[in-house]
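Okay, so here's the structure we're looking at.
The values are calculated or read from the model by the stated rules, or taken from the named source; none is laboratory data. Because the structure is predicted, anything quoted here is derived from the model rather than measured. When we count neighbours, we look across all protein chains shown, and the Cβ atoms used for this are built from the backbone with ideal geometry, even at glycine. Just so you know, the surface numbers come from the protein's heavy atoms only, side chains and all, with ligands and any DNA or RNA stripped out. Shrake-Rupley method; radii C 1.70, N 1.55, O 1.52, S 1.80 Å.
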Amino acid sequence: MPLYWFILVISALASDSVPVREVPAVQALVAAVGLMCGWGLLVRIATRTAIQQVLTGDVSFIAAASALERQMEYFRWFALLLSQMALVGFGVAGLLEGLPWGSESMALRGVLLLIPAMSATFWSWWCELRFDNATHTANTQRWWGYALSMFRMQGAWLVVPVLMLLVAIDAAQFLFGLDRSYGAYVGGGLALLSLPIALPWIMSRIWKLQPIENAEQYAWCERLLVSTRTRGTCLLQWDTNCSMCTAMIAGFVPGFRRLLLSDALLVRLNSPQLAMVIFHELAHVHRFHLPLRLASLVPVWCVAVATTTLLGELPYADVMGIGVGLISSLIALRWIAYRTEFDADQYAVKLAVRLNGQVPGVPVTAEAAGSALANALLLVTMDHPSSRRATWMHPAIDERVRRLKACGKDARVEAIVEACVDTNRIGDATRSFSSSNHEYC
């Protein structure tokens, strides 16, 4: 989940744990609506200014679009802060207790708590579309289509599994007559256990997925799956109108697992590069990276529960426990995500070498495999150089490329040492090692 949406969901739901403030409903709602409308006015002014700069020729479209994109990112983060001020500071979250079913349904409360931040996000998307339509008169894209596209592409769709989790908690509470806390544990446990199966299914309903159109390319990709013994994986093409060049593995349960390759990726990369990208995704499966990431959250939230328990009856015990869990989750997920990405790169190289030319188009040597994957990483980020920077869940592309080159160098050294042992030609191997080192220095 992208960092923005992770913070949005956790912060909105966490506001429900803040002690209720006795604030008149009308006063709280008027203050909250006024605050968010003031933010929306600032966003609209920034968009209108960017449009005028392009139409008058003062600023080029690319420069104005880039500047507006950065501004919108800052505005969206600022909106998260303001939404928390509205929910907690103005006491809007406490008003939910007075609504029908508000004190009983966690799903209903979750939806209502998400409204301020989600509304601000949708408004920022509308302003971006307004900029595109005003500066490109031929662009007639409708708002709902654009919003749905952004909802799919930016990770916002992951709000859906969270709401499904809350529905499962409500179901456990109502059907089995459990207390809210026990219902949360039972429903949450069941939902988390079903997540590896439910998440790929949700993705197949939200995104446009289909079999790879090129039959020859599809057969070649399937051969890669068979040769690496990655059974129970459905290979699908992700139709993005060539707007995204990416690949991902969804789920880790055989039979429900999906390998998604975007349409732009299938067109842009040559066979060695595409093979290495596929091997990188398959490495996540072979090395159990996905369940490892989920498992890393268990001790983190155990610490959060322990923090809440130790603080006892303090008014903000739940909030402090959630805060500890949130910060610990961010640190733990970032730490393990970086290491699993590096490990997947290294293991992808090993998979290529292990095939030893069994599949045409796959690099045979570790040096060629590392180079192909490094080139693929640069090509898939060619349209958006900013995506090469380090993010919450992905290390910088430059660092990955550097490690891949080092992997190729180490592989050449190991091959020379093995040749030395096999043939007992110590002198020849040493001279070859010196020549190889000189080449990389």
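The chymotrypsin sites (Phe, Trp or Tyr not before Pro) of region 86-137 that meet both conditions, a loop assignment by DSSP and at most 13 other Cβ atoms within 10 Å of the site Cβ, are TRP101.
The phi torsions of region 40-49, fed into the Karplus equation with coefficients 6.51, -1.76 and 1.60 and a -60° offset, translate into couplings of x, 5, 4, 5, 5, 5, 4, 5, 4, 5 Hz, rounded to whole numbers, with Gly and Pro shown as x. One chain, two ends: VAL364 and MET153. Fully extended at 0.36 nm per residue, the span grows by 72.5 nm beyond their Cα-Cα distance. Ellipticity at 222 nm from helices only: DSSP H runs of n ≥ 4 in the chain, each -39500 (n - 2.57), divided by the residue count, give -23500 deg cm²/dmol. The label-point distance for ARG223 and THR135, in a model that sets each label 7 Å from Cα toward Cβ, rounds to 4.6 nm.
Rolling a 1.4 Å probe over the protein heavy atoms of the chain, with every protein chain left in place, gives an accessible area that is 64 percent carbon and sulfur. About its Cα centre, the dipole of the chain is roughly 440 debye, where the only charges are +1 on Lys and Arg Cβ and -1 on Asp and Glu Cβ.
Computed from the C-beta positions of VAL111 and GLU216, the FRET efficiency with R₀ = 41 Å rounds to 0.30. Between GLU69 and ALA295, the simple spin-label model (points 7 angstrom out along Cα→Cβ) gives 3.8 nm.
What the phi angles of region 267-280 give under the Karplus curve with 6.51, -1.76 and 1.60, with θ = phi - 60°, is a coupling list of 8, 7, 8, 7, 4, x, 5, 5, 4, 6, 5, 4, 4, 4 Hz, glycine and proline written as x. Projecting each Cα onto the charge dipole of the chain (Lys/Arg +1, Asp/Glu -1 at the beta carbon, about the Cα centre), which of VAL324, VAL43, GLY255 comes out farthest on the positive side? Going by the Cα projections, it comes out as GLY255.
Here r is the Cβ-Cβ distance between LEU379 and LEU99 and R0 is 56 Å; the resulting FRET efficiency, rounded to 0.05, is 0.60.
Its residue count N fixes a reference of 2.2 N^0.38 Å for the chain, and the Cα radius of gyration divided by that reference is 1.15. At the residue level, MET164 shows approximately 90 square angstrom of accessible surface with a 1.4 angstrom probe and all protein chains present. Nearest 5 percent is fine: what portion of the DSSP beta bridges confined to the chain is antiparallel? Antiparallel: roughly 50 percent of the beta bridges in the chain. Solvent exposure of the chain, expressed per residue, is 52 Å² of accessible area, with all protein chains present and a 1.4 angstrom probe. Using a probe of 1.4 Å on the protein chains alone, the accessible area found for CYS234 is around 60 Å². Label-to-label distance for TRP201 and PHE174 is 2.0 nm, based on points extended 7 Å past Cα in the beta-carbon direction.
Relative contact order for the chain: 12 percent, from Cα pairs under 8 Å spaced at least 6 residues apart, divided by residue count.
By a 1.4 Å probe calculation restricted to protein chains, PHE342 has an accessible surface near 30 Å², given to the nearest 10.
If the segment from ILE45 to SER194 were pulled out straight at 0.36 nm per residue, it would be longer than the present Cα-Cα gap by 49.1 nm.
For region 207-238, run through the GluC sites (Glu not before Pro) and keep only the ones in DSSP coil with at most 15 other Cβ atoms within 10 Å of their Cβ. Those satisfying the criteria are GLU213.
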